[in-house]
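Structure first, then comments.
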Amino acid sequence: MRRDNAKAKGMLDEMSAGAAPEPPRVEVWDSHYAPASQAFARFREAVCSAFMPWTPQFAGSDFHGRVQSIALENGAVGRVHTSSIVARKTMRDIANSSVECLHGNYVFSGELQVEQAGERVVAKPGELVLYHSHVPTVLTEKPDCGCDNLAFIIPTARLRMGDGFDSRDLTRLGPAGRPIEPLVACLDMLTRELSSPSSAGQLSALLDACACLLPISLDDGVEAVRRGQPRERRGLLDDVMRFVDQNIADPDLKPWRAAERFGVSERYVHKLFIRSGTTFGGYVTAERLERIRSELVTMRGRRPPISELAFRWGFADISTFNRAFKRRFGRTPKDYRA
């Protein structure tokens, strides 16, 4: 734990001092590939390594978690999906954090309660919560539900905030004061790029774009609340694709589930994908293959068998997976890992 805290501190020191660290890469940790008795301890190390020091706590007996993260010259970003936990940023954690940053969590599923400086907000799916790295904080996930979110940190020195925003404020961009569409698009793209072998430069550029759009989104959100405007509905295809991305590992992910989720017919779901030049099944298969390809080159620690990766990401038959992988990438999974 101390070693990982030192690693995170050294990373942020390099960001501050302008040193040239080794080229960063996306790292993946998944409790499916760790002994059950060590799963939470390994997760705790992964989080502290990726997102500055934190003190997570887990009271249950069966912990599940997954972290895809990358440390960049302009911050850090990762997708974090866990069983219900409580994470505290204590004064000791803050003392080991060398650079003041803005934290953000964009929630995909579950609920995330954030307490800081006597204030409390609850972020639900589609909402973004922002808070300061150097103020004691408690993050609580909804019991028996867990939380899937995109987490990021941006040094406050890189933010261009307007006169009406204090980076120490606890802020939630929710149904009325929602993130503006360009910021939502950047956050969604960051999430997708984390699951594919993207370059650090691409991810860094997207994080910079988020930093530029945050002040605009905050101003727009405040004005929307003043006007009492309801949240505008995004395109249904985008919503369905986001639903698919969030449930991509479920082998029972079918068109009828998306139809039920959004209150439309299964036939209409098929039409949405056909109009975009693909099919529901084709999109699901392509997304699963991208995630497996990413893990073949980014998984750290134990390297699970390829068949285990295939089943983990929703394939029910290994021969079908092997054919689909070679058809899409021109190489077998075994050759790709080698």
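The values are calculated or read from the model by the stated rules, or taken from the named source; none is laboratory data. Note that the coordinates shown come from a computational prediction; the quantities given were computed from them, not determined experimentally. No Cβ is skipped: glycine too gets one built from the backbone with ideal geometry, and neighbour counts run over all protein chains shown. Just the protein is used for accessible areas: all its heavy atoms, side chains included, with ligands, DNA and RNA removed. Shrake-Rupley method; radii C 1.70, N 1.55, O 1.52, S 1.80 Å.
Peptides 146-155, 84-93 ranked from most to least packed by the mean count of surrounding Cβ atoms within 10 Å: 146-155, 84-93.
Distance between the modelled labels on Asp239 and Tyr268, one decimal in nanometres: 0.9 nm (7 Å Cα→Cβ projection).
How do the peptides 36-44, 95-103 rank, highest first, by the average count of neighbouring beta carbon atoms within 10 Å per residue? Provide the component values of the computation, followed by the final result.
Working: 36-44: 17.1, 95-103: 18.7.
Ranked from most to least packed, the peptides come out as 95-103, 36-44.
Using a cut-off of 29 Å between Cα atoms, the listed pairs Lys254/Lys326; Lys89/Lys254; Lys142/Lys326 include Lys89/Lys254; Lys142/Lys326 as exceeding that distance. Once the Cα-Cα distance is subtracted from the 0.36 nm per residue extended length, the Val297 to His32 segment shows a gain of 93.7 nm.
The calculated FRET efficiency for Asn96 paired with Asp252, based on their beta-carbon distance and R0 = 41 Å, is about 0.45. What separates the Cα centres of the range 52-107 and the range 261-298 is a distance of 30 Å.
Element breakdown for the range 21-108 at a 1.4 angstrom probe: carbon and sulfur atoms account for 50% of the accessible area.
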